[in-house]
Amino acid sequence: MDDARRSDKATAVAAWEALFRAQVTVMRALNADFPGGEISFNEYDVCFNLSTQPGRRARMRDLTGHLLLTQPSVSRLVDRLTSRGIVEKQPDPSDARGVIVALTAHGFDVYRSVAVQHAQTIADQVGAGLDDDELRTLTALCTKLRDAAGAGAGVRRPRAPEAVSA
């Protein structure tokens with residue numbers, strides 16, 4: 001490997017390490033300050049992802065693709081949310097083996113209530129060391145990285161979530 005490629009590789013690894021460490025630090029802080037009275041951090045992630053989908057519903061396998069959990073873990077999580085009326089499972093009309101997970105009206109209300117509080121913690125944590133221009137740059141860079149990384153993997157970006165009012 002020539003020096004230029006070695007340097008490019010080292011730069012990419014250093015950038016990844018910085019991004020990963022920042023993500024771990026912020027996620028720990030968000031998890032510690034999460035307003036988890038009604039739903040847990042992972043349950044919130046399910047609700048958030050469903051809220052970004054048309055009709056606030058998604059196939060179980062598509063939902064699993066948006067989460068950092070295994071399929072069995074997502075199934076158990078969805079079962080817990082179903083038992084509390086936050087989501088409902090429906091048969092997939094296009095595939096008898098598939099399951100659609102839908103956010104209920106009650107579930108959306110719970111999600112919105114938690115999201116308003118969680119958004120403030122996110123603003124405090126992510127905005128702590130960055131000004132508005134830097135936050136916009138970070139958003140653009142992360143989107144560009146995500147698009148490039150997902151280009152060959154068939155990863156679909158969810159549409160922007162509905163605005164959550166305070």
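Side notes on the structure shown:
- Helix-only mean residue ellipticity at 222 nm for the chain, each DSSP H run of n ≥ 4 adding -39500 (n - 2.57), per residue, nearest 500: -20500 deg cm²/dmol
- Scalar couplings 3J(HN,Hα) for the stretch 31-39, obtained by applying the Karplus form with A = 6.51, B = -1.76, C = 1.60 to θ = phi - 60°, are 5, 5, 9, 5, x, x, x, 9, 9 Hz; x denotes Gly and Pro.
- Sorted peptide list for 101-110, 59-68, 4-13, criterion being average Cβ within 10 angstrom, highest first: 101-110, 59-68, 4-13
- Surface per residue (accessible, 1.4 Å probe) for the stretch 1-92, Å²: 61
- The chain - charge dipole about Cα centre, Lys and Arg +1 at Cβ, Asp and Glu -1, debye rounded to 20: 640
- Formal net charge of residues neighbouring F34 (Cβ-Cβ distance under 14 Å; K, R +1; D, E -1): -4
- For the chain, with all protein chains in place and a probe radius of 1.4 Å, 56% of the accessible heavy-atom surface sits on carbon or sulfur.
- The value of relative contact order for the chain, using C-alpha pairs under 8 Å at least six residues apart, is 25 percent.
- Net charge of Cβ neighbours under 15 Å - reference T121; Lys, Arg +1; Asp, Glu -1: -2
- Placing R0 at 25 angstrom, the Cβ-Cβ distance between T25 and S113 gives a FRET efficiency of 0.40 after rounding to 0.05.
- Efficiency of FRET from Cβ geometry, R136 and V99, R₀ 41 Å, rounded to 0.05: 0.60
- Correct choice for P(r) over Cα pairs in 10 Å bins from 0, in percent that was computed from the model, options (1) 9, 31, 35, 18, 6, 1; (2) 10, 40, 40, 10, 1; (3) 10, 36, 34, 15, 4, 0: (1)
- Net charge of neighbours whose Cβ lies under 12 Å from the Cβ of V99, counting Lys and Arg as +1 and Asp and Glu as -1: 0
- Using the Karplus relation 6.51 cos²θ - 1.76 cosθ + 1.60 with θ = phi - 60°, the per-residue 3J(HN,Hα) values for the stretch 80-85 come to 5, 5, 5, 5, 9, x Hz, with x marking Gly and Pro.
The values are calculated or read from the model by the stated rules, or taken from the named source; none is laboratory data. Source: prediction; values computed, not measured. Reconstructed Cβ throughout: ideal geometry from the backbone, glycine too, with neighbour counts over all protein chains shown. With ligands, DNA and RNA removed, areas are computed over all heavy atoms of the protein, side chains included. Shrake-Rupley method; radii C 1.70, N 1.55, O 1.52, S 1.80 Å.
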